[in-house]
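Peer 1: Can you read through this structure? Questions will come right after.
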There are 2 protein chains.
Amino acid sequence: MQTVSENACFGGVQGVYSHASEACGCDMTFGLYLPPAAKDGPVPVLWYLSGLTCTHENAMTKAAAQGFAAEAGMAVVFPDTSPRGADVADDDAYDLGKGAGFYVNATQEPWAPHFRMWDYVSTELPALLGTEFAVDLGRQAITGHSMGGHGALTLAMAHPGRFASVSAFAPIANPMQSDWGRKQLSAYLGDDESTWAKHDATVQMEAVGFDGPLLVDQGGSDQFLYLLKPEALAQAMAARRQDGVFRMQKGYDHSYFFVATFIPDHIAFHANALGL
Amino acid sequence: MQTVSENACFGGVQGVYSHASEACGCDMTFGLYLPPAAKDGPVPVLWYLSGLTCTHENAMTKAAAQGFAAEAGMAVVFPDTSPRGADVADDDAYDLGKGAGFYVNATQEPWAPHFRMWDYVSTELPALLGTEFAVDLGRQAITGHSMGGHGALTLAMAHPGRFASVSAFAPIANPMQSDWGRKQLSAYLGDDESTWAKHDATVQMEAVGFDGPLLVDQGGSDQFLYLLKPEALAQAMAARRQDGVFRMQKGYDHSYFFVATFIPDHIAFHANALGL
């Protein structure tokens, strides 16, 4: 693992690191914010999964999470959204290939050799964090924005017992019924839709739900509402009697100004679930 | 004036606007955050002047000022750092020409026709804000980062009675004695150094000081300390008995992670001076 940069931030350290990823078969870069409390021992960790076109950097510089994480005493990890490098397959569209990993393990060509973000985020990167940094893998929570909200919800429901809480900002909530989903799941996983179900938050909410508290914020003026399909997730949450809150935030769009506005609430929500 | 974008943010609006600038002889773009309180009438306004290579956008997306401004009930304006456009002179160096206006009125060729950021920030843009938005020009404060800290300090001292308070993050504190200063002041203003003095915060602190409270934060691990020369300003502040605080922040560098860490303190400082 190499240190790309480390900046003092709210008494802790905002770092950027790179490492050779076995899951993705390429070098991967991630951001990690360690709060001041990490100097005294391992701290709980919040995963922040980013959306289409993002790298590890967008949320790290625009979501304004660090001050609240410092106060709460939790680390925040910002993974990249896809494999990277000259020999990694790509597509001209912004919503397929690099920057659009969709948090799945691809089984189809040309994606299968590198696009294994599910394994990367759920297995390889946690192990690395536990080895290299003062983070307590016994206390994890997860959030994300848009495609990252999709990733957070599906990973949380697939790993009962791992995450104390899950939240999402404007998640792609029902990808099997959306052009943000059908195109990518078909390309990465093939035409057998039974393999897609694990990667649809609404389907998983209907099937299993989440074993802890859940918070979803959705902007009421989000320009991508027709692709996100929050109504499907809201319905499924209510039908399951999921411990959770779905908030439609009037006037907010899909931008990081929306994320930054509500990140204090999300950090406080996860801090509470993590016993901080 | 044209609206480039408006995003809901902390109950208010983060807008970006463009207009034909008479001072700069080109179209200029600026960001303006209006807090929720602006719906009920004019609010005080904090100027945030940005540093070398920045546009109106950097601080707007990375400084995390909006939440604290919303709470305090103040607007924040984010001007660009230079004139823009194909017919505006430029230089290959990052620290001269576009993105490096240094908040002066250039008198030398090829800069004189457009590089009039002093007039733009001190006269033209305030008038536009007062006409177009719910801001109270009777209650202004000013801050900035690096070259913008230089601009904030020199503008504040040159306009007694206008700003209730001034603050700066890692300002270029003594440009007449720095390679971040001598090169630009010479290019924009010519070789007569008597014309430079108005644009050196340390010289102005020695000459006149500021008629209100002043706050300076400087990172102790700033990679540009040798160019910023904070020791000159600290000495001048103390020698004048300036109402003010100079804080050396151990371990912090020159990045926006430093700015974001201390922006809550700066907003609170200005809110107090503005009677909020």
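Peer 1: Would you mind checking region B:108-148 for residues with the amide N under 18 Å from a putative spin-label position 7 Å along Cα→C-beta of B:Glu6?
Peer 2: B:128-136
Peer 1: Filter the trypsin sites (Lys or Arg not before Pro) in region A:187-276 down to the DSSP loop ones having no more than 11 other Cβ atoms within 10 Å, then list what survives. Mind dumping the intermediate values first?
Peer 2: Values: sites: A:Lys198, A:Arg240, A:Arg241, A:Arg247, A:Lys250; in loops: A:Arg241, A:Lys250.
Taking region A:187-276 and a limit of 11 other Cβ atoms within 10 Å, the loop trypsin sites (Lys or Arg not before Pro) found are A:Arg241, A:Lys250.
Peer 1: Here's a follow-up. Per DSSP helix of 4 or more residues, -39500 (n - 2.57); summed, then divided by the residues of chain B. What does that give at 222 nm, rounded to the nearest 500?
Peer 2: Details: 9 runs with 81 residues, N = 276.
Rounded to the nearest 500, it is -8500 deg cm²/dmol.
Peer 1: Count of lysine pairs in the protein assembly as shown with Cα atoms under 18 Å apart, counting only pairs 8 or more residues apart in sequence or on different chains?
Peer 2: 13
Peer 1: How far apart are the B:Asp265 label points across copies, placing each 7 Å from Cα toward Cβ, in nm, shortest first?
Peer 2: Output for B:Asp265: 3.0 nm, nearest copy listed first.
Peer 1: Name the long-range amide H neighbours of A:His254: under 5 Å, sequence gap of 5 or more, or other chain; modelled H, no Pro or chain starts.
Peer 2: Here the answer is A:Gln223, since their amide H atoms fall under 5 Å of that of A:His254.
Peer 1: Place a +1 charge on the Cβ of each Lys and Arg in region B:77-188 and a -1 charge on the Cβ of each Asp and Glu, then give the dipole magnitude about the Cα centre in debye, rounded to the nearest 20. Let's see the in-between values first.
Peer 2: Details: 7 positive and 12 negative charges, 80 e Å.
The dipole of region B:77-188 has a size of about 380 debye.
Peer 1: Ranked by accessible surface with a 1.4 Å probe, highest first, in what order do B:Thr3, B:Thr154 come?
Peer 2: Values: B:Thr3 85, B:Thr154 0 Å².
Per-residue accessible area, sorted high to low, gives B:Thr3, B:Thr154.
Peer 1: Another question about this same structure. Using r as the Cβ-Cβ distance of A:Asp27 and A:Ala158, and R0 as 25 Å, what FRET efficiency do you calculate, to the nearest 0.05? Don't jump to the answer; show the numbers that get you there.
Peer 2: Values: r = 26 Å, r/R0 = 1.05.
Between A:Asp27 and A:Ala158 the formula returns 0.40.
Peer 1: Tell me whether the protein assembly as shown comes out rounded, prolate or oblate; compute the Cα gyration tensor, take square roots of the eigenvalues as a ≥ b ≥ c, and use a/c under 1.5 as the rounded threshold. Walk me through the numbers on the way to the answer.
Peer 2: Values: a/c = 1.94, a/b = 1.89, b/c = 1.02.
Prolate, since a/c reaches 1.5 and a/b exceeds b/c.
Peer 1: Another question about this same structure. Which residues among region A:171-208 fall inside the zone where the amide N is under 19 Å from a point 7 Å beyond the Cα of A:Gln235, along Cα→Cβ?
Peer 2: A:171-182, A:197-208
Peer 1: Give me the one-decimal nm value for the distance between modelled label points at B:Ala207 and A:Ser186, 7 Å along each residue's Cα-to-Cβ direction.
Peer 2: Taking the two extended label points, one gets 7.0 nm.
Peer 1: Remind me, relative contact order of region B:1-84 in percent, using alpha carbon pairs under 8 angstrom and six or more residues apart? Numbers along the way, then the final one.
Peer 2: On the way: 178 pairs, mean separation 27.2, N = 84.
Relative CO of region B:1-84 lands at 32 percent.
The values are calculated or read from the model by the stated rules, or taken from the named source; none is laboratory data. Worth saying up front: this structure is predicted, and the values here are computed from it rather than measured. Because the Cβ atoms are built from the backbone with ideal geometry, glycine has one as well, and the counts that use them run over all protein chains shown. Areas reflect the complete protein model, heavy atoms only, side chains present, ligands, DNA and RNA absent. Shrake-Rupley method; radii C 1.70, N 1.55, O 1.52, S 1.80 Å.
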